[in-house]
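Participant: Here it is: the structure, laid out below.
The values are calculated or read from the model by the stated rules, or taken from the named source; none is laboratory data. All of these numbers come straight from a predicted model, not from anything done at the bench. Note: ideal-geometry Cβ built from the backbone for every residue, glycine included; neighbour counts use all protein chains shown. Just the protein is used for accessible areas: all its heavy atoms, side chains included, with ligands, DNA and RNA removed. Shrake-Rupley method; radii C 1.70, N 1.55, O 1.52, S 1.80 Å.
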Amino acid sequence: ANCTPNDGTRKPRFRVRARVRRSCQVSATGIDFGSVGNLNAPVTATGTLTVRCTNTTAHRIKLDGGLAGASQPGQRKMFKGTDTITYGIYKDAAHTQGWSSTAAGDVNAVGTGYDQTYTMYGKVPAQPTPPTGTYQDTVAVRVYF
């Protein structure tokens, strides 16, 4: 049998498709308060969060209470053994809007498909200066979408 159509052409068709699913990626740079001699005055520093969510994907960005499990954004603790330094992370440079894991303390946004960068404003309030050494904390970022 001959498989060639009478006019000599055949135009098959097929479908091409892609499914875009909601997704978010997050990265962070830490907050480093540097070397401080005394904590008799507040010390501030910043860090950044970069979030990339699929275009039009609504999401919430939350920060946990760190290793101390602080329930208030300004009551996080950096540790060196049993010694601590109290600090906070805020959404604004005036240090009035705490960034936490509560509904009032999170950041709400809508994805653009591109990186969206957020500044984290850190503040160590004036407090008794603990013994010398390096103090650290680990804060988890959660993006809900």
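Participant: Got a sec? Which of Tyr144, Tyr87 is surrounded by 19 or more Cβ atoms within 10 Å (Cβ to Cβ) and in contact with a Lys or Arg (Cβ under 7 Å, 6 or more places away or on another chain)?
Facilitator: Residue meeting the stated conditions: Tyr87.
Participant: Tally time: how many residues in the stretch 96-145 are touching a helix residue (DSSP H, G or I) at 6+ places or on another chain (Cβ under 7 Å) and over 14 Å from Gly47 (Cα atoms)?
Facilitator: Qualifying residue count for the region: 3.
Participant: While we're here: If the requirement is being open to solvent by 70 Å² or more (accessible area, probe 1.4 Å) and in contact (Cβ under 8 Å) with a residue 60 or more places away in the chain, which of these qualifies: Thr46, Thr56, Thr29?
Facilitator: Thr46
Participant: Among the strands (runs of 3 or more DSSP E) contained in the stretch 34-145, which hold 1 or more residues that are more than 30 Å from Val20 (Cα to Cα) and in contact with a Phe, Trp or Tyr (Cβ under 9 Å, 6 or more places away or on another chain)?
Facilitator: Counting at least 1 such residues, we get 43-53, 76-80, 83-90, 116-124.
Participant: Turning to a different aspect of this structure: May I ask you to verify whether Thr84 is modelled with pLDDT of 95 or more and either of a type in the set (Lys, Arg) or over 12 Å from the mean Cα position of the chain (by Cα) (or both)?
Facilitator: So Thr84 passes the test.
Participant: Can you confirm whether Gly66 is within 15 Å of the chain's Cα centre (by Cα), at pLDDT 95 or above, surrounded by 14 or more Cβ atoms within 10 Å (Cβ to Cβ) and not hydroxyl-bearing (Ser, Thr, Tyr)?
Facilitator: Answer is yes for this residue.
Participant: Does any residue of the stretch 56-63 turn out to be modelled with pLDDT under 95 and basic (Lys, Arg)?
Facilitator: No, because not a single residue in the stretch 56-63 is modelled with pLDDT under 95 and basic (Lys, Arg).
Participant: Another question, then. Is it the case that some residue within the stretch 97-112 is under 21 Å from Gly34 (Cβ atoms), open to solvent by less than 30 Å² (accessible area, probe 1.4 Å) and of a type in the set (A, V, I, L, M)?
Facilitator: No - not one qualifying residue is present in the stretch 97-112.
Residue-wise test of (1) aliphatic (A, V, I, L, M); (2) in contact (Cβ under 8 Å) with a residue 24 or more places away in the chain.
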residue: Ile61; (1), (2): yes, yes
residue: Gly66; (1), (2): no, yes
residue: Gly69; (1), (2): no, no
residue: Val110; (1), (2): yes, yes
residue: Thr132; (1), (2): no, no
residue: Arg142; (1), (2): no, yes
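Participant: Just to be sure before I move on: is Arg22 in contact with a Gly (Cβ under 9 Å, 6 or more places away or on another chain), exposed (fewer than 15 other Cβ atoms within 10 Å of the Cβ) and not in a strand (DSSP E or B) in the structure I sent?
Facilitator: Against the criterion (in contact with a Gly (Cβ under 9 Å, 6 or more places away or on another chain), exposed (fewer than 15 other Cβ atoms within 10 Å of the Cβ) and not in a strand (DSSP E or B)), Arg22 qualifies.
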